[in-house]
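Single-structure report; data block below.
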Amino acid sequence: MKVIKQLQVKFVYSMILIEMIVFAAILLSLNLAITKRESQEAKNFLVYLANNNGHMPRPKPFNDKIITNNYPASGFINDIDATSSASRERPEDFIHSLVNFFNIEQVTETNMRNYFSVKVLNNGVIVELIQDFPLNYTVEEISNLTQEILKDGKTSNYIGGVMYYIKELNNTHRLICMVNRNSELKTLSKFYLYSTLLYILSIIVSVIISIPISKYMIHPAEDAFLKQKQFIADASHELKTPIAVIGANIDVLESEIRNNKWLEYIKAENQRMGELVKDLLYLAKNDAGRNELTFCNFDFSNAVENSVLPFEVVAFEAGKTLEFNIEKNIICNGDEKSLKQVFIILVDNALKNSEEGAKITVTAFQEGQKIVYKVFNTGAGIPKDELEKIFLRFYRSDSSRVRKTGGCGLGLAIARAIATDHGGTLVADSQVGEWAEFTLTIPKKR
């Protein structure tokens with residue numbers, strides 16, 4: 001069932017990831033397009049103002065005198081509210097048609113009052129203010145804004161929410177056209193905020209919807225998986241009886257036919273088949289969540305010693321050295337029987353996969369709230385690309401050892417399953433041609 005849950009989680013993650021990428025691309029593109037369009041329209045508006053000496057054009061030629069203010073050399077502006085009455089009387093419908101013609105965003109009269117232009121000398125002195133409406137700026141604010149724009153050193157940019165455009169009139173004068181875009185920028189900020197909230201909401205909705213969809217999509221795979229596991233469990237259970245019968249008949253034949261090599265072969269293979277069926281049954285039950293583990297406090301140190309000490313004779317007969325480095329009085333909360341099985345599997349694996357003269361070292365110690373069990377052996381080692389594959393069922397890193405060492409490639413798979421059931425991990429590390437090491441890490445308390 002863990003495989004099904006992992007498949008469902010990956011399915012949900014995949015759906016969410018795809019939606020996140022697609023939605024992010026759409027919203028980001030939309031935001032960038034709107035921002036660029038708004039900025040370009042504002043710049044076009046300023047360029048148009050600059051080409052018309054800082055004013056919005058009138059619908060037809062006229063002889064109205066343009067009212068401007070001449071300023072002294074000191075650079076201070078006097079009487080900003082003095083404006084042309086003729087410019088205020090411009091027909092409203094013409095403004096709408098002009099805005100539409102130049103594809104400029106429709107603005108209200110209030111916003112229209114916030115554009116103006118200034119003529120300055122090269123030394124920064126303001127010599128003329130050009131405006132069509134009363135401004136919401138003081139003399140000092142316009143003077144400071146102009147100085148900041150000149151210091152910025154760019155032809156077009158933003159200063160405090162005000163967009164400007166500079167046109168060179170001649171060798172001594174420049175025209176700076178400005179429009180206050182704080183209102184539009186605040187609107188864009190709200191749009192960005194709403195886009196972000198919509199993005200987050202869409203992800204939440206996607207998670208809620210994808211969970212039942214994922215269950216529906218993987219339901220056929222779940223049925224097939226469960227039927228396969230049930231078949232393995234049933235087949236393994238049914239095979240136990242004939243294997244037991246064959247074993248009993250072999251014992252009877254041994255009493256009548258002594259020293260028969262063919263009978264010895266049958267007995268060896270029957271025992272091997274019995275171990276294989278037992279391992280398959282364990283894994284099938286584990287996959288189905290039917291393995292009952294008894295968690296209790298026990299002496300981890302003694303459990304390791306009792307499991308590993310019998311291998312001293314095996315190691316001695318094989319011309320290998322088995323060493324121990326076990327910390328005393330380690331108390332663990334877990335299933336003692338299944339953990340002993342892990343200890344045996346790892347030591348047996350080290351003995352089978354090392355050459356004569358190899359050194360095997362078993363280490364157990366506490367590390368904070370975790371208990372670590374290591375089995376190290378010198379020898380051929382394991383290639384880096386096989387460090388995870390060796391935990392797959394029936395996988396053998398060196399196929400030439402299969403008949404020599406026996407086994408069927410299920411030991412490490414069982415050991416990792418037991419480690420997972422205890423909330424721990426079992427990993428392998430190796431240096432090819434030199435050594436291999438397996439590390440079991442489990443929490444002291446469940």
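Scanning segment 297-320 for residues that are polar (S, T, N, Q) and either closer than 14 Å to Val372 by Cα or surrounded by 16 or more Cβ atoms within 10 Å (Cβ to Cβ) (or both) yields a count of 2. Can you find a residue in segment 339-347 that is out of contact with any Pro (no Cβ under 6 Å at 6 or more places or on another chain) and farther than 22 Å from Ile418 by Cβ? Among the residues of segment 339-347, not one is out of contact with any Pro (no Cβ under 6 Å at 6 or more places or on another chain) and farther than 22 Å from Ile418 by Cβ, which makes the answer no. Applying the condition of being open to solvent by 70 Å² or more (accessible area, probe 1.4 Å) and of a type in the set (S, T, N, Q) to segment 325-349 and asking which residue is farthest from Leu426 (Cα to Cα) yields Asn329.
Condition check for Lys240 on (1) assigned to a helix (DSSP H, G or I); (2) out of contact with any Lys or Arg (no Cβ under 9 Å at 6 or more places or on another chain); (3) open to solvent by 90 Å² or more (accessible area, probe 1.4 Å): one failure, at (2).
Each residue in segment 184-202 was checked for being surrounded by fewer than 14 Cβ atoms within 10 Å (Cβ to Cβ) and either over 30 Å from Asn114 (Cβ atoms) or at pLDDT below 85 (or both), and 3 of them qualify.
Which of the residues belonging to segment 178-217 are more than 23 Å from the chain's Cα centre (by Cα) and either at positive phi or in contact (Cβ under 8 Å) with a residue 60 or more places away in the chain (or both)?
Met178, Val179, Asn180, Arg181, Ser183, Glu184, Leu188, Phe191, Tyr192, Met217
For Gly409, the conditions (1) free of Cβ contacts under 8 Å to residues at least 24 places away in the same chain; (2) in contact with a strand residue (DSSP E or B) (Cβ under 9 Å, 6 or more places away or on another chain); (3) closer than 23 Å to Val277 by Cβ are fulfilled apart from (2).
Residue pairs, Cβ under 6 Å, 6 or more apart or interchain, first in segment 294-310 and within 13 Å of Val362 (Cα to Cα), second surrounded by 15 or more Cβ atoms within 10 Å (Cβ to Cβ) and small (Gly, Ala, Ser). List them. Pairs found: Val304/Ala364. Looking only at segment 218-230, decide whether some residue is surrounded by 11 or more Cβ atoms within 10 Å (Cβ to Cβ), modelled with pLDDT of 85 or more and outside any strand (DSSP E or B). No, that holds for no residue. State yes or no: is Leu175 without any contact (Cβ under 8 Å) to a residue 60 or more places away in the chain, surrounded by 13 or more Cβ atoms within 10 Å (Cβ to Cβ) and not in a loop (DSSP other than H, G, I, E, B)? Criteria not met by Leu175.
Restricting segment 377-387 to residues that are farther than 10 Å from Ala428 by Cα and either of a type in the set (Val, Ile, Thr) or in a strand (DSSP E or B) (or both), the residue that is most open to solvent (accessible area, probe 1.4 Å) is Thr378. Under the condition of being open to solvent by 70 Å² or more (accessible area, probe 1.4 Å) and of a type outside the set (S, T, N, Q), the residues counted in segment 350-373 number 5. Taking segment 119-134 as the range and being farther than 16 Å from Asn51 by Cα, of a type outside the set (Gly, Ala, Ser) and assigned to a loop (DSSP other than H, G, I, E, B) as the test, the residues that pass are Asn122, Asn123, Val125, Phe133, Pro134.
Can you say whether Ile250 is of a type in the set (Val, Ile, Thr), at pLDDT 80 or above, touching a helix residue (DSSP H, G or I) at 6+ places or on another chain (Cβ under 6 Å) and open to solvent by 50 Å² or more (accessible area, probe 1.4 Å), as far as the supplied structure shows? Criteria not met by Ile250.
Would you call Tyr164 under 30 Å from His55 (Cβ atoms), open to solvent by less than 70 Å² (accessible area, probe 1.4 Å) and part of a loop (DSSP other than H, G, I, E, B)? For Tyr164, the condition - under 30 Å from His55 (Cβ atoms), open to solvent by less than 70 Å² (accessible area, probe 1.4 Å) and part of a loop (DSSP other than H, G, I, E, B) - is not met.
Those helices (runs of 4 or more DSSP H) of segment 258-368 in which 1 or more residues are within 45 Å of the chain's Cα centre (by Cα), among the polar types (S, T, N, Q) and closer than 25 Å to Leu392 by Cβ occupy 261-287, 300-308, 336-352.
As for segment 420-440, it holds at least one residue that is at pLDDT 90 or above, surrounded by 20 or more Cβ atoms within 10 Å (Cβ to Cβ), aromatic (Phe, Trp, Tyr) and under 21 Å from Asn306 (Cα atoms). If you go through segment 198-240 and keep only what is touching a helix residue (DSSP H, G or I) at 6+ places or on another chain (Cβ under 9 Å), over 30 Å from Glu269 (Cβ atoms) and not aliphatic (A, V, I, L, M), you end up with Tyr199, Ser202, Ser206, Ser210, Ser214, Lys215, Glu222, Phe225.
Among the residues here, Val362 qualifies as touching a residue at least 24 places away in the same chain (Cβ under 8 Å), touching a Phe, Trp or Tyr at 6+ places or on another chain (Cβ under 9 Å) and among the aliphatic types (A, V, I, L, M). In the set (1) more than 39 Å from the chain's Cα centre (by Cα); (2) closer than 21 Å to Lys36 by Cα, Gln147 fails one condition alone, (2).
The values are calculated or read from the model by the stated rules, or taken from the named source; none is laboratory data. As the structure is a computational prediction, the values presented were derived from the model and not from experiment. In this analysis, Cβ positions are derived from the backbone assuming ideal geometry, glycine residues included, and neighbour counts consider all displayed protein chains. Remember, those area values only see protein heavy atoms, side chains included, never the ligands or the DNA or RNA. Shrake-Rupley method; radii C 1.70, N 1.55, O 1.52, S 1.80 Å.
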